[in-house]
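Please read the structure below before turning to the comments.
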Amino acid sequence: MTAPRLTGERLIDVMTPEERDRARRVESVLPALREAAAGADSDGEFPHGHVALLREAGLLGLVVPKEYGGLGGGLRDLAAATFAMGTACPSTALAFFFHNTSASRGLLPLEAIRAGLFEDDEIPEVTAFAERVLKVMSGGQWLGNFASESVKSSGANISIATTARRTEDGWRLDGEKSFGCATGVADLYLVTARLDGVEGLDGLALFLVPREAPGVSSREPWNGIGMRGSANHGIRLDGVTVPDDDALTVPGAFTRMLQVSRGSFVGNQLAIAAVYTGAAQAVYDYTLDRLTTKTFADTGSPIASSPMHQVLIGDMTQRLETAYLWLGRQLELETSEPPVRSKPEVFRQWRLGKGSVTEACFDVALGALKACGTSGATLDGVIGRTLRDLAMGLVMTFPAERGRLEAAKMASDDRATALFATVESGR
């Protein structure tokens, strides 16, 4: 007898037995997430019961290696999980995604050590911090990953102004983080800051800050368009003291960790696109069910049978498949062993893929709005909520236009370099 298909298998067609075991854990929490989704959106609050729900399911250590107490999952597991959660409650899926990005701050330093990128005297501090992050996650604590700030620069997607200054007791943090899920919910905040007096990326450092630490406060609640239940209004840090044991301040550690990542340092970014794809799949299913069960009063035929609705359904299907194709390709590039493309090529593909996925998903929700008409156009209905949720994907981190611009510059710079060569004199 064939086992029932799991929600995550709509994205990951062929799972290993271990991946399927982990996906079943995700499947077990979907009913509760789905039940709380409407309330999370209307209240603009993260359902606090979800922390215990996901902890008890063992999912807070989903991508932590088994040797550190986790489930031993990888990027395929995370993408399947955020996709499945996205079909039930996109806000929770988004917050869960950001919790899991914290794992990269543990995994990448250890990989960089194995690659010989740290000196012998640096290894103890790097190892201690990396293992602390991983064990905290596998131990059931929720981490809020705070990097983004309201300050902007023309040359980077994320600029860091939060400052860390040396004190007798460790480090003093001052600054403001404008975005980061699980504000007031996470047990610990993973904060990226710049070391006072150290210029450039070499000055970036990482700190673990307890939610209730003196000097930590939440910014004003974020009354945003989408993902209203993800608690992403951000934090303020006013003279927050962090001991050395909860800090990674080795100069240049940040850039050395970047060297061993398959994609971007933020960690497992394609799993955020899986959130949007899951939400798009859910609104597509809802719309198709609605249009095939409701009938015209005069003919008794399903509404889906009209020429206009057939066109809209076809457009929605095409856009949904577009999201799957881009997401599947990125997943292949970031998980294939051995790698099938170089890191610059993988990174360029993501700059294109993120925008392509999120625009396609938003188009699915827009098609649902058109197809279901005024009766489906309510703020608290499935279509209204999903349309707002997917609108956030158009701007989060960077819009599609910026990604395409960066990809074009990478491609043209590569070609321009290839136009020049050196030759021996006299020929």
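One table, with the values for the structure above:
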| quantity | calculated |
| --- | --- |
| Residue check, D363 part of a helix (DSSP H, G or I) and either over 17 Å from A88 (Cα atoms) or touching a residue at least 40 places away in the same chain (Cβ under 8 Å) (or both) | yes |
| Hits in segment 209-235 (condition: within 21 Å of I160 (Cα to Cα), of a type in the set (S, T, N, Q) and open to solvent by 20 Å² or more (accessible area, probe 1.4 Å)) | S217, S218 |
| Output for segment 257-302, where each listed residue is open to solvent by 40 Å² or more (accessible area, probe 1.4 Å), part of a helix (DSSP H, G or I) and at pLDDT below 95 | L258 |
| Filter result for G384 (in a helix (DSSP H, G or I), touching a residue at least 40 places away in the same chain (Cβ under 8 Å) and not hydrophobic (A, V, I, L, M, F, W, C)) | no |
| Helices (runs of 4 or more DSSP H) within segment 66-160 that include 1 or more residues open to solvent by 50 Å² or more (accessible area, probe 1.4 Å) and touching a helix residue (DSSP H, G or I) at 6+ places or on another chain (Cβ under 9 Å) | 75-88, 104-114, 123-138 |
| Enumeration of residues in segment 167-186 that are farther than 30 Å from A40 by Cα and touching a residue at least 60 places away in the same chain (Cβ under 8 Å) | T167, D169, G170, W171, R172, L173, D174 |
| Residue in segment 74-84 that is within 30 Å of L387 (Cβ to Cβ) and of a type in the set (K, R) present | yes |
| Qualifying residue in segment 176-189 (condition: farther than 22 Å from P124 by Cβ, of a type in the set (G, A, S), crowded, with 23+ Cβ neighbours inside 10 Å and modelled with pLDDT under 90) | yes |
| Criterion violated by T255 - all others in (1) in contact with a Leu (Cβ under 6 Å, 6 or more places away or on another chain); (2) on the phi > 0 side of the Ramachandran plot; (3) not aromatic (F, W, Y) satisfied | (2) |
| Residue count, segment 236-256 (criterion: touching a strand residue (DSSP E or B) at 6+ places or on another chain (Cβ under 7 Å), at pLDDT below 95 and open to solvent by less than 10 Å² (accessible area, probe 1.4 Å)) | 0 |
| Single residue of V29, V14 found to be surrounded by fewer than 24 Cβ atoms within 10 Å (Cβ to Cβ) and not in a helix (DSSP H, G or I) | V14 |
| Lone unmet requirement of (1) at pLDDT 95 or above; (2) in a loop (DSSP other than H, G, I, E, B); (3) farther than 27 Å from L94 by Cβ for V198 | (1) |
| Filter pass, T397 being open to solvent by 50 Å² or more (accessible area, probe 1.4 Å), of a type in the set (V, I, T), closer than 26 Å to F98 by Cα and within 24 Å of the chain's Cα centre (by Cα) | yes |
| Residue pairs meeting the criteria (Cβ under 7 Å; at least 6 apart or on separate chains; first outside any helix (DSSP H, G or I), in segment 326-346; second surrounded by 14 or more Cβ atoms within 10 Å (Cβ to Cβ)) | V340/L333; R341/L333 |
| Residue count, segment 189-222 (criterion: touching a His at 6+ places or on another chain (Cβ under 7 Å) and of a type in the set (D, E, K, R)) | 2 |
| Any hit, segment 351-358, residues being loosely packed, with under 15 Cβ neighbours inside 10 Å and at pLDDT 95 or above | no |
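The values are calculated or read from the model by the stated rules, or taken from the named source; none is laboratory data. On a predicted model such as this, the values are computed, not experimentally measured, just so you know. Cβ coordinates were reconstructed from backbone atoms using ideal geometry, including for glycine residues, and neighbour counts include every protein chain displayed. Ligands, DNA and RNA are stripped out before the accessible areas are found, and what is left, the full protein with its side chains, is counted by its heavy atoms. Shrake-Rupley method; radii C 1.70, N 1.55, O 1.52, S 1.80 Å.
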